[in-house]
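Here the structure is laid out as structure tokens; the discussion comes afterwards.
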């Protein structure tokens with residue numbers, strides 16, 4: 001299981017967000033460059049359709065692959081009340097022939113994206129991961145070098161933390177608490193529940209940049 | 001492979017283990033277990049399987065508990081994954097496990113060799129086969145160790161004959177290159193050997 005919230009931020013404020021995250025997390029950022037391929041089952045395969053995501057980490061000298069299945073969200077009155085999405089997730093590291101494997105099983109490529117940006121991973125009541133990326137689409141199949149932004153000027157911020165049935169409420173509390181620190185710069189909410197851009201983001205970003213002595217180009 | 005008219009029993013397995021211990025002087029080194037799972041595609045329309053593979057094989061090896069291997073024999077493809085991959089396939093519900101075969105028994109150390117002798121038991125618990133896995137520890141090159149392993153197998157056949165075991169062992173010789181595997185031996189080679197072993201066992205049972 002994992003807890004997850006998402007939000008969007010204007011690219012011009014990403015540097016300020018990075019300064020804020022650096023101060024809060026106390027760990028260095030890591031580069032993100034992931035080629036994400038979303039595969040869906042062919043027309044006759046499976047009693048119900050299924051979807052799987054293949055993630056190729058291009059930030060390392062040798063690309064490595066992970067396969068990920070995102071399951072259903074927790075439901076019920078309790079789930080409605082919390083501001084964090086809790087969902088099942090299964091992941092596995094896999095060999096580099098995973099794409100050929102799933103094609104052979106009867107899966108088809110639905111869409112692909114190149115996600116570029118940075119990530120902070122740290123412990124704060126839970127093992128929290130904050131990823132800030134721009135989503136880019138490829139004009140030709142698998143052409144990661146020719147990717148262009150899907151939403152120029154806007155980047156996605158995602159906060160996730162692994163959870164189990166026994167401890168998800170503590171993890172939810174840890175994630176919610178952390179989100180409050182980022183409130184001046186961005187709204188974070190359940191995926192699919194868009195809250196838009198924070199009106200005070202520009203002022204907050206300017207404050208962060210002047211406090212850090214950094215200059216926005 | 002049991003002789004014609006002979007039923008495979010655990011007694012034969014016990015005798016094979018005793019060959020390793022008494023005749024060859026093997027030191028018992030614990031138990032082992034490998035599981036093979038045959039998956040079939042779940043189809044919305046049973047009659048329209050199209051290009052879908054009829055069979056997907058999953059292998060959980062005795063000494064690679066954190067890994068799982070998927071084989072598509074028709075495509076000569078082997079995929080290495082974490083053990084969580086089994087749970088992932090279960091979530092997808094596109095391929096469902098139909099038959100599970102457990103290989104389990106004892107392992108022995110004989111000098112530079114590690115030998116595993118065990119039974120092949122499906123979930124129905126009827127003994128289907130007896131198999132043996134021989135590992136030559138000093139070398140990782142398949143070509144360089146080929147002669148040594150063949151010599152070991154010849155010694156084993158002689159030992160088994162002297163013991164009047166009601167059957168004989170058949171050497172499994174998969175084509176690793178078909179799966180894109182190199183000369184350097186890896187757990188993926190072992191997974192391919194189990195898949196090939198099962199193909200031979202099922203062909204023998206049919207005959």
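If you take the residues in region A:80-100 that are touching a residue at least 40 places away in the same chain (Cβ under 8 Å) and under 22 Å from residue A:183 (Cβ atoms), which one is farthest from the other protein chains (Cβ to nearest Cβ)?
A:83
Only one of A:133, A:129 is without any contact (Cβ under 8 Å) to a residue 60 or more places away in the chain and more than 14 Å from chain B (Cβ to nearest Cβ). Can you tell me which?
Of A:133, A:129, the one residue that is without any contact (Cβ under 8 Å) to a residue 60 or more places away in the chain and more than 14 Å from chain B (Cβ to nearest Cβ) is A:129.
With a cut-off of at least 3 residues that are away from every other protein chain (no Cβ under 14 Å), name the strands (runs of 3 or more DSSP E) lying wholly within region B:58-174.
Fully inside region B:58-174 and qualifying: B:95-110, B:113-122, B:129-136.
Looking at region B:46-56, is at least one residue more than 8 Å from chain A (Cβ to nearest Cβ) and on the phi > 0 side of the Ramachandran plot? Steps first, please.
Keep residues of region B:46-56 that are more than 8 Å from chain A (Cβ to nearest Cβ), which gives B:46-47, B:54-55.
Now narrow it down to the ones that are on the phi > 0 side of the Ramachandran plot: none.
Checked against the condition, which is being more than 8 Å from chain A (Cβ to nearest Cβ) and on the phi > 0 side of the Ramachandran plot, region B:46-56 yields no hits at all.
Hey, can you tell me all the residues within region A:142-168 that are free of Cβ contacts under 8 Å to residues at least 12 places away in the same chain and part of a helix (DSSP H, G or I)?
Scanning region A:142-168 gives A:145, A:146.
Just the residues that are in contact with a strand residue (DSSP E or B) (Cβ under 8 Å, 6 or more places away or on another chain) and free of Cβ contacts under 8 Å to residues at least 60 places away in the same chain, please, taken from region B:169-192.
B:183, B:184, B:185
Which one is surrounded by the fewest Cβ atoms within 10 Å (Cβ to Cβ) among residues in region A:101-126 that are outside any loop (DSSP other than H, G, I, E, B) and within 14 Å of another protein chain (Cβ to nearest Cβ)?
A:108
Looking for whichever is more than 14 Å from every other protein chain (Cβ to nearest Cβ) and on the phi < 0 side of the Ramachandran plot here; the options are A:55, A:37, A:45. Which one fits?
On the way: A:55 fails: more than 14 Å from every other protein chain (Cβ to nearest Cβ); A:45 fails: more than 14 Å from every other protein chain (Cβ to nearest Cβ).
Answer to the selection: A:37.
Only residues that are more than 21 Å from residue B:78 (Cα to Cα) and either buried (at least 17 other Cβ atoms within 10 Å of the Cβ) or touching a residue at least 12 places away in the same chain (Cβ under 8 Å) (or both): list them for region B:43-65, please.
Hit for region B:43-65 is B:43, nothing else.
Of the residues in region A:169-195, how many are buried (at least 18 other Cβ atoms within 10 Å of the Cβ) and free of Cβ contacts under 8 Å to residues at least 60 places away in the same chain?
So the count comes out to 1.
Would you point out the residue of region A:149-168, among those that are surrounded by 15 or more Cβ atoms within 10 Å (Cβ to Cβ) and more than 30 Å from residue A:137 (Cβ to Cβ), that is nearest to the chain's Cα centre (by Cα)?
A:163
Taken together, the values in this text are just the output of simple stated rules run on the coordinates, not laboratory data. Quantities reported herein were computed from a predicted structural model and do not represent experimental measurements. Counting neighbours? That spans all protein chains shown, and the Cβs are built from the backbone with ideal geometry, glycine included.
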